[in-house]
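Visitor: The structure is given below, and queries will be raised subsequently.
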Amino acid sequence: MPPQIEIAGGRHIQRFDRFDRVLHGFLMLSFLGLATTGLPLLFGDAPWASRLARGFGGFYVTHRLHRLFATILIAVFLTHIGRLLERVILKKDYSIFWGPSSMVPQPRDITEMYRHLRWFVGLGDRPKFDRYAYWEKFDYWAVFWGMGIIGGSGLMLWFPELFSHLVPGWFFNIALLVHGEEALLAVGFIFTIHFFNSHLRPEKFPMDMVIFTGRVDEKELREERPSEYARLVANPVNPPRYVRTPSDRLWVAGRIIGTTAVVIGLTLVVMILAALLRY
Amino acid sequence: MKIRGVIGTAALAWALALGFSARAHVAAALEPAPQATKPAPQAPAPSNDDCLACHDDASMKRANGTPVYVSKDAFAASVHAPINCVDCHADLAHTAEFPHPEKLAKVDCSSCHADQVAQYKQSTHALARTRGNSVAARCADCHGLHDIRGSKDPQSRTYHLNIAATCAKCHGSHDVIVRGKIAIGDVATPFSDSIHGRALSRSGLLVAPTCSDCHGAHDILQKSDPKSRVALANVPATCGKCHEGIEHQFEGSVHASFLAKGSNGAPACQTCHTPHAIQRAENADWQLSVVNQCGSCHTDKLKTYRDTFHGQVTKLGFRAVATCADCHGNHAILPASDPRSPISPANRLQTCRKCHTTATANFVKYDPHADKHDRKRNPFLYFTARFMQILLTGTFGFFGLHTLLWTMRTTRRNGKGGGHASAD
């Protein structure tokens, strides 16, 4: 690492644009909505399940809310795909396929994971992460895969008569199993691993505001992602986009939204664990 | 049905005979002849007026302070008004001295109502008495004493609309249930909330059944007695007295054939409908509870049903999707191998279409009792479940450990108060 220069605090670099942040907001909303309206069905034995479903207004309301949130999530997914296509086709930006700004797993992710794990147990230095670390790529692909599998199986269960023209009826048996198990995986992963990796771990606690403000403190970026920082400051064509410190209003709004999501998520985790431990 | 006809005719003949004999008894009592035939040395029997001269006086008391009161009006309104006091209190027929001794012989109703008393003596009430049960009902407990009215009289304790309340005096009384060791407990409360109880008490329907329609009146037997109207094997016929069409449906069912064979656990009407708390068939809560009732025998089927969307929604307490009866039928349940069964291969599509109106032949390949543990029956589901298990265990296992190690590393570093670990 080059000799460290002290940076005046408060200088921020733009990391996520508004579009991505709003999209993530809808992702949060639909995901929390789908989880709270879907989990009662998966844990019908638990005392909270029936209360939650009745709290929403009974079966028909819960059922329709689940499909409303599903529609939002499908729209989020398609919007994201649309943006990727726009970058590739219209802007001829192929950096999404390979390189430091790509989500595609690359050899450096393997070595970084290996070195990160070694660092956990006190062997060697922390790897110098670039824009997306391996666990962030896992988060991304887990959600991507999850949307395909849960969304696909969900649509099958939503329109079984229609899909029965394409697939035999026993596909719906598999669709229901996969929908539930994948949902459990997604909910469990997002509300524990993702929450920890991005917000609750000691370095970030109580939460990383970057997904709400879009800006990351320069000092933090240099420490967290030294490779990316070095790449950005060394690039005369694409220098880092320095921006103002997030406004109080944006920061407070982000905190409220983030805290609400974390509280709902962790509550659902506790409810799931309580239901699982009853067996 | 021939047998039913014969039994019915026999029962009618028996009932008529009973009626005539009872009338003959009353007629005999009305005639002055008995007095004339009495031996001369004996004192003339006291008339009802003689008796009521004292007993109609509410202030007259026994030595222990209890009143000897017999309401003249109540007696006059009773079915026994035409007969003499001494016809029942026969030990006073030749008494000349008054006041007579306080302790009288027990009234023997069988002197007139021989058949009813003979039936009663075989009943569970009488048998309980002989076993030392001091609270089991006797004639007067249901019929009353001096104010007995005919069962057609709306004020009678045994009038159709009053019977449930008469039985409830004991079968809804905690004290009697405890002292009488009545195993089934309070049946009056569930009955009063049942469709039959409501039909009687709220709608005032004479056609609605009351206790005696299922249990009989004088000849009530325990359900463990094979002759009892409510013995398991006899229940369909008992319910069929009113629900005859349903009885015919049930007769052909697989359940009825098990019942006829005396198979252990074979269900009769009350197995699903409950004996006393019978609800409207449209009652959603009851329909949901029947699922568990079916599952009390068909345990494996309930388990696999609960793994389906249908089973999950009903477990949550909503009746929006198919329960057992929606696919299997209700009274005329038949095995899938029977071509008349709604789940027979030929009828399945039609059955699914009751809800899934546009279902196709392909749709019907859905397994409403798929078992993810059954490799033979559902191979694809089985391997998908295994794969999901590995995926979940693997993901949570790896990232659980990842998270744990990360936390330990960061807290240790912070604990040392050291800076970034880039000491290169």
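Visitor: Kirkwood Rh and Cα-based Rg: tell me the resulting Rg over Rh for chain B, rounded to two decimals. All intermediate terms of the calculation are to be shown ahead of the outcome.
Guide: Numbers: Rg = 34.4 Å, Rh = 28.2 Å.
Reported Rg/Rh (Cα atoms, Kirkwood Rh): 1.22.
Visitor: Under the rule a/c < 1.5 gives rounded, and otherwise a/b versus b/c splits prolate from oblate, where does the stretch B:102-192 land using the Cα gyration tensor? Mind showing how you got there, number by number?
Guide: Numbers: a/c = 1.80, a/b = 1.16, b/c = 1.55.
Oblate.
Visitor: Here's another thing I want to ask about it. Give me A:H165, B:H125 ranked fewest to most by other Cβ atoms within 10 Å of their Cβ, as a rough exposure proxy.
Guide: Least crowded to most crowded, the residues run A:H165, B:H125.
Visitor: Taking the Cβ of A:L85 as the centre, find all other residues whose Cβ is under 14 Å away and add up their charges (Lys, Arg: +1; Asp, Glu: -1).
Guide: Charge balance in the 14 Å sphere: +2.
Visitor: If you place +1 on the Cβ of every Lys and Arg and -1 on the Cβ of every Asp and Glu, how big does the dipole about the Cα centre of the protein assembly as shown come out, in debye to the nearest 20? Mind showing how you got there, number by number?
Guide: Values: 77 positive and 58 negative charges, 523 e Å.
The calculation lands at about 2520 debye.
Visitor: Next question, about the same structure. Roughly how big is the stretch A:206-250's charge dipole about its Cα centre, with Cβ charges of +1 (Lys, Arg) and -1 (Asp, Glu), in debye to the nearest 20? Numbers along the way, then the final one.
Guide: Working: 8 positive and 8 negative charges, 45 e Å.
With Lys and Arg at +1 and Asp and Glu at -1, about 220 debye.
Visitor: Using the Kyte-Doolittle scale, find the helices of chain B whose mean hydropathy is at least -0.5 and whose Cα atoms extend 24 Å or more along the helix's long axis, counting only whole DSSP H runs. Show your work: numbers first, answer last.
Guide: Values: long enough: B:2-30 (42 Å, 1.16); B:379-416 (55 Å, 0.19).
Counting only whole DSSP H runs, the qualifying helices are B:2-30, B:379-416.
Visitor: Another one. Run the simple label-point estimate for B:A361 and B:A43 please: 7 Å along Cα→C-beta, distance reported in nm.
Guide: 9.9 nm
Visitor: Ordered by residue, what ³J(HN,Hα) values in Hz, to whole numbers, does the stretch B:175-182 give under the Karplus form 6.51 cos²θ - 1.76 cosθ + 1.60, where θ = phi - 60° and Gly and Pro are x?
Guide: 4, 5, 4, 6, 5, x, 6, 7
Visitor: Given the C-alpha atoms of the protein assembly as shown, compute the convex hull and give its volume per residue in Å³.
Guide: Taking only Cα atoms, the protein assembly as shown has a hull volume of 256 Å³ per residue.
Visitor: Cβ under 12 Å from B:S257's Cβ, B:S257 left aside: what net charge do those residues give with Lys, Arg +1 and Asp, Glu -1?
Guide: Counting the neighbours of B:S257, the net charge comes to -1.
Visitor: How big is the gap, in Å, between the Cα center of the stretch B:156-205 and the Cα center of the stretch A:93-131?
Guide: 78 Å
Visitor: Let me check I have the definition right: for the stretch B:281-324, take the eigenvalues of the Cα gyration tensor, multiply each by 5, take square roots. What are those semi-axes in whole Å, largest first? Please list the in-between numbers first.
Guide: On the way: eigenvalues 49, 33, 9 Å².
Over the Cα atoms of the stretch B:281-324, the semi-axes work out to 16, 13, 7 Å.
Visitor: OK, next. Among the listed pairs B:K261/B:K301; B:K223/B:K261; B:K227/B:K261, which have their C-alpha atoms separated by more than 21 angstrom in this model? Don't jump to the answer; show the numbers that get you there.
Guide: On the way: B:K261/B:K301 23 Å; B:K223/B:K261 18 Å; B:K227/B:K261 16 Å.
Beyond 21 Å: B:K261/B:K301.
Visitor: Still on this structure, I have one more. Output the Kirkwood hydrodynamic radius of chain A, Cα pairs only, in Å rounded to one decimal.
Guide: Evaluated over chain A, this radius sits at 21.1 Å.
Visitor: Another one. Can you give me the Cα centroid spacing of the stretch B:52-117 and the stretch B:240-286 in angstrom?
Guide: 48 Å
Visitor: Hey, another quick one. Helix A:248-277: angle to the longest alpha-carbon principal axis of chain A, degrees 0 to 90, nearest 10?
Guide: 50 degrees
Visitor: Turning to a different aspect of this structure: Grab the other residues whose beta carbon is less than 14 angstrom from that of A:M147, score K and R as +1, D and E as -1, and report the net.
Guide: Values: positive: none; negative: A:D139, A:E182.
With Lys, Arg at +1 and Asp, Glu at -1, the neighbours total -2.
Visitor: Any idea what angle helix A:18-42 forms with the longest principal axis of chain A, computed on alpha-carbon atoms, 0 to 90 degrees, nearest 10?
Guide: It is inclined by approximately 30 degrees.
Visitor: Residue by residue through the stretch A:181-195, which ³J(HN,Hα) values in whole Hz follow from phi under the Karplus form 6.51 cos²θ - 1.76 cosθ + 1.60 (θ = phi - 60°), with glycine and proline marked x?
Guide: 5, 5, 5, 4, 4, 5, 5, x, 5, 5, 7, 10, 5, 5, 4
Visitor: Shape call for the stretch B:310-380 from the C-alpha gyration tensor, a ≥ b ≥ c root eigenvalues: rounded (a/c under 1.5), prolate (a/b greater than b/c) or oblate?
Guide: It is rounded, given that a/c, with a ≥ b ≥ c, falls under 1.5.
Visitor: Nearest 20 debye, what's the magnitude of the dipole of chain A about its Cα centre given +1 on Lys and Arg Cβ and -1 on Asp and Glu Cβ?
Guide: With only Lys, Arg, Asp and Glu charged at Cβ, the dipole is about 480 debye.
Visitor: Could you list, in their original order, any pairs among B:K106/B:K169; A:K204/B:K372; A:K137/B:K315; B:K61/B:K169; A:K137/B:K365 whose Cα atoms are separated by more than 32 Å?
Guide: A:K204/B:K372; A:K137/B:K315; A:K137/B:K365
Visitor: Pick out, from B:S201, B:V135, B:V117, the residue whose Cα sits farthest towards the positive end of the charge dipole of the stretch B:104-263, with +1 on the Cβ of Lys and Arg and -1 on the Cβ of Asp and Glu.
Guide: B:V135
Every number in this text was worked out from the coordinates using simple rules, so none of it is lab data. Nothing here was measured: the structure is a model prediction, and the numbers come from that model. So basically every Cβ, Gly included, is an ideal-geometry build from the backbone, and we count neighbours across all protein chains shown.
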